[in-house]
1. Which residues, taken from the range 342-373, are acidic (D, E) and within 21 Å of L261 (Cβ to Cβ)?
2. I'd like the full set of residues that are away from the ligand (no atom under 14 Å from the Cβ) and in contact (Cβ under 8 Å) with a residue 40 or more places away in the chain, limited to the range 1-14.
3. Here is a list of conditions, (1) in contact with a strand residue (DSSP E or B) (Cβ under 7 Å, 6 or more places away or on another chain); (2) open to solvent by less than 60 Å² (accessible area, probe 1.4 Å); (3) assigned to a helix (DSSP H, G or I), and T124 meets all of them except one; can you say which number that is?
4. Are any residues in the range 152-167 open to solvent by 20 Å² or more (accessible area, probe 1.4 Å) and aliphatic (A, V, I, L, M), and if so, which ones?
5. Scan the range 297-304 and give yes if some residue there is in a helix (DSSP H, G or I), touching a helix residue (DSSP H, G or I) at 6+ places or on another chain (Cβ under 8 Å) and farther than 22 Å from I420 by Cα, otherwise no.
6. Which one is farthest from the ligand (Cβ to nearest atom) among residues in the range 114-139 that are closer than 19 Å to R97 by Cβ and of a type in the set (G, A, S)?
7. If the Cβ limit is 8 Å and pairs must be 6+ apart or interchain, which residue in the range 260-274 that is modelled with pLDDT of 90 or more pairs with which residue that is in a helix (DSSP H, G or I) and of a type in the set (D, E)?
8. From V386, V365, V413, V430, which residue is touching a residue at least 12 places away in the same chain (Cβ under 8 Å), under 28 Å from the mean Cα position of the chain (by Cα), under 27 Å from A300 (Cα atoms) and part of a loop (DSSP other than H, G, I, E, B)?
Amino acid sequence: MTDVFADLVGQDEAVATLRRAAASAAALLRAAAPAVARAGAPAAGGADPDGGHDDLDALAEELDGTGGATGQGAEGVDPGAGMTHAWIFTGPPGSGRSVAARAFAAALQCVHGTGCGRCPGCHTTLAGTHADVRLVVPEGLSIGVNEMRALVLRAASTPSGGRWQVVIIEDADRLTEAAGNALLKAVEEPPPRTVFLLCAPSTHPDDISVTIRSRCRLVPLRQPPAGAVAEVLVRRDGIAPDVAEWAAAAAQGHVGRARRLARDPEARQRRDAVLAVPRRLTGVGAAFDAASALIEAAEAEAAAAVAETDEAERAALQTALGAGGTGRGAAGAMRGAAGQLKDLERRQKSRATRAQRDALDRALVDLAGFYRDALTMALRAPVAPVHTDTAALAGAGAQKWDAEGALRRLEAVLECRAAIEANVKPRIAVEAMMLALWKG
Ligand SMILES: [Zn+2]
């Protein structure tokens, strides 16, 4: 099984939904193909620039389920039954929201209509080079309205490959309100061959507006079980089974994080440092030191992550602007350049902030796993620990704190995450958490 859905770990239900939809979308295209060809014929004389548009409108109605309720279509697939214009993929981080969206996009562009994983449509979509698939990955903290308007405009054009225009929006919860409104317009009156695939943590109104939600079909993904994550690490990435099992448990169902832990010694070191925190909280001073260490580690990790891209972007912009030019007009060009440079710096700063928050959040998730282990041990719950390598320490904590104390500490970590999410300054939130972890 190496089709485009193979890497979607532990999501059988979602995969079944998406396979049905892809088959139905392919049936719609087959049903529309002869009509479009007929309508396109006169265009050979150059008289009909809008060739085939009416048929596409009919197709759009069919997709909406408002027209053409014709029952079974080609090959026994009911067109329109499984397919729609707008989808939301939800699930916890690492569950594979964007993997699912990309796989579905590939299945829509697949020449066999199945997501075979071998044809040019599948390949180019997964490689990110398909002309009719646009991927929006917000680099900063939000997706702006201009970006969204441009995207919506381009998405309205007829697909060059003759199948679908697909727009994937990763982290749709990071849309600004204005950008959300621009998207809503497109989702409400979808161009006939355009499909929007949104990814968000949940359908909570904080993540996605109620109106957009109401226009989309939902594909909920669950946290994949550790066993399924370990299996894919072994099969796909060739990681040794014992390492894969440890990493899958430690990553708490986050596939990408599990792979990083299994492969990247620096990621393992950072995790070790985080899991050393509970041991080091011996007093107020130690709590503040631990907070500083955690924040600085996140800053360093983020800086390393964005440094290369930042430098490449700066160099590219300087080349494009002809930096160092001395000819006529160079002074005027430099004035315009200053604005562009400032713009780039602003975007880079936003991306750095986001990278810091992501790094800090990973650390907090690891820490939460430790106190969860202490809690389940205090309760003698028959579940496997998240962090097998600190299980003894968590066991000692369970004895010392009891279930109640372990729960209070777990809650302190979760509150810290929520506070940072709500824009509390990370240092303040982390210091408050460390004090709570020390006092219990
Ligand atoms: Zn294919």
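The values are calculated or read from the model by the stated rules, or taken from the named source; none is laboratory data. These numbers come from a predicted model, not from an experiment. Quick reminder, even Gly has a Cβ in these numbers, built from the backbone with ideal geometry, and neighbours come from all protein chains shown. With ligands, DNA and RNA removed, areas are computed over all heavy atoms of the protein, side chains included. Shrake-Rupley method; radii C 1.70, N 1.55, O 1.52, S 1.80 Å.
1. Answer for the range 342-373, where residues must be acidic (D, E) and within 21 Å of L261 (Cβ to Cβ): D358, D361, D366, D373.
2. D7, L8, V9, G10, Q11, A14
3. Result: T124 passes all but (1).
4. First, the residues of the range 152-167 that are open to solvent by 20 Å² or more (accessible area, probe 1.4 Å): 152-154, 156-158, 160-163.
Within the range 152-167, V152, L153, A156 meet the criteria.
5. no
6. Taking the range 114-139 as the starting set, the residues that turn out to be closer than 19 Å to R97 by Cβ are 115, 125-126, 128, 133-139.
Filter once more, so that each one left must be of a type in the set (G, A, S): 115, 128.
Values: G115: 6, G128: 16 Å.
Only one residue tops the list, namely G128.
7. Note: pairs meeting the criteria are A262/D237; R263/D237; R270/E301; R271/D366; V274/D366.
8. Of the residues listed, the single one that is touching a residue at least 12 places away in the same chain (Cβ under 8 Å), under 28 Å from the mean Cα position of the chain (by Cα), under 27 Å from A300 (Cα atoms) and part of a loop (DSSP other than H, G, I, E, B) is V386.
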